[in-house]
Amino acid sequence: MKMHFISSGTETAEAAYHVLARRYGHAALDVANVIVALGGDGLMLSVMHQHRGLPVYGMNRGTIGFLMNEYEVADLPERIAQAEETAINPLAMTAETIEGEDYHALAINEVSLLRAGSQAARLGVTIDGRERLGELVCDGAILSTPAGSTAYNYSANGPILPIGSNVLALTPIAAFRPRRWRGAILPKSAKVRFDVLEANKRPVMADADGRGVRPVLWVEVQSEDTVEHRLLFDPGHGLEERLTREQFV
């Protein structure tokens, strides 16, 4: 097995990188069978965005490490060979700025719209060409994949989605109007459009997995099924099990 190691650059991750590379050898990307990511969830997202095609096996050298496996030096090739593979599709975001520029990005976890000024955002929400909310007054809104549903979405009181459920979570952030609206679960095939009302007075930024653009006039989001990311997890600790476990802590 030819492994390509990537470190997040922290002292802990760098130390692990040197230990593992000496023990198992460090293969170039063009001949590697697997990428081993050493860090936290931020590194895992970065690796998946930059290196499509190869499966990624993460080992936690960061903090929470929801997408990572436990760090162990011994028997790494055997662990990878026995790992459970999960394939996920990202979201594709298209946005237009106030200056008329188009912006495109992929998001493995979520696309977020966030107020960029002192006043609440006013958003219109359209799904598959049909207006669902003429006005959503809020601090922002999140459209999340199942893989990202335990992250920002969950902290905003959104639902945790099973990894194979083929649905997306639309979750408001501090919704003021409609006061009782708590979000929606949408089919994975849904095309969601957010129109920013009063874009100059109430500026809004759009963010795809930490890559943001501001201020925007509108944002469209849909699942990008032509792109597939492959994650590897130790047996019994796959992404589906982790999503289920998060609901009982």
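The values are calculated or read from the model by the stated rules, or taken from the named source; none is laboratory data. It should be emphasised that the depicted structure is a prediction, and the values quoted were computed from it without experimental measurement. We place every Cβ from the backbone using ideal geometry, glycine too, and count neighbours over all the protein chains shown. Side chains are part of the model used for accessible areas, which takes the heavy atoms of the whole protein and leaves out ligands, DNA and RNA. Shrake-Rupley method; radii C 1.70, N 1.55, O 1.52, S 1.80 Å.
How large, in percent, is the carbon and sulfur part of the accessible surface of the chain at a probe radius of 1.4 Å? Write down the numbers at each step before the final one.
Working: 5520 of 11750 Å².
Carbon and sulfur atoms account for 47 percent of the accessible area of the chain.
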> How big is the convex hull of the Cα atoms of the range 28-91, per residue, in Å³?
Replying inline: 99
> With the chain treated as a Gaussian network of Cα nodes joined by springs under 10 Å, which of A120, A141, A81 yields the largest mean-square fluctuation?
Replying inline: A81
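Taking the Cα centre of the chain as origin and charging only Cβ (+1 Lys, Arg; -1 Asp, Glu), how large is the dipole, in debye to the nearest 20?
I would put it at about 700 debye.
Can you give the extra length, in nm with one decimal, that the chain gains between K188 and E72 once fully stretched, where that is 0.36 nm per residue apart less the Cα-Cα distance? Don't skip to the end; give the middle numbers.
Values: separation 116, 0.36 × 116 = 41.76 nm, distance 3.60 nm.
Extra length available between K188 and E72 comes to 38.2 nm.
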>> Expected output is a single nm value to one decimal: the length gained when fully extending between A87 and E135, i.e. 0.36 nm times separation in residues minus the C-alpha distance. What is it?
In response: 13.7 nm
> Could you work out Rg/(2.2 N^0.38 Å) for the chain, with Rg from alpha carbons only?
Replying inline: 1.09
>> Given a 1.4 angstrom probe, what's the average accessible area per residue across the chain, in square angstrom?
In response: 47
>> For F233, F248, give me the order by solvent-accessible area with a 1.4 Å probe, most accessible first, ignoring ligands, DNA and RNA.
In response: F248, F233
> What is the dipole size for the range 86-211, taken about its Cα centre, with +1 at each Lys and Arg Cβ and -1 at each Asp and Glu Cβ, in debye to the nearest 20?
Replying inline: 580
>> Rounded, prolate or oblate for the range 1-53? Axes are the square roots of the Cα gyration tensor eigenvalues, ordered a ≥ b ≥ c, and the cut-off for rounded is a/c under 1.5.
In response: oblate
> To the nearest 10 square angstrom, how much accessible area does E101 have with a 1.4 angstrom probe?
Replying inline: 120
> Put +1 on the Cβ of each Lys and Arg and -1 on the Cβ of each Asp and Glu in the chain; which of A208, G183, N109 then has its Cα farthest toward the positive end of the dipole?
Replying inline: G183
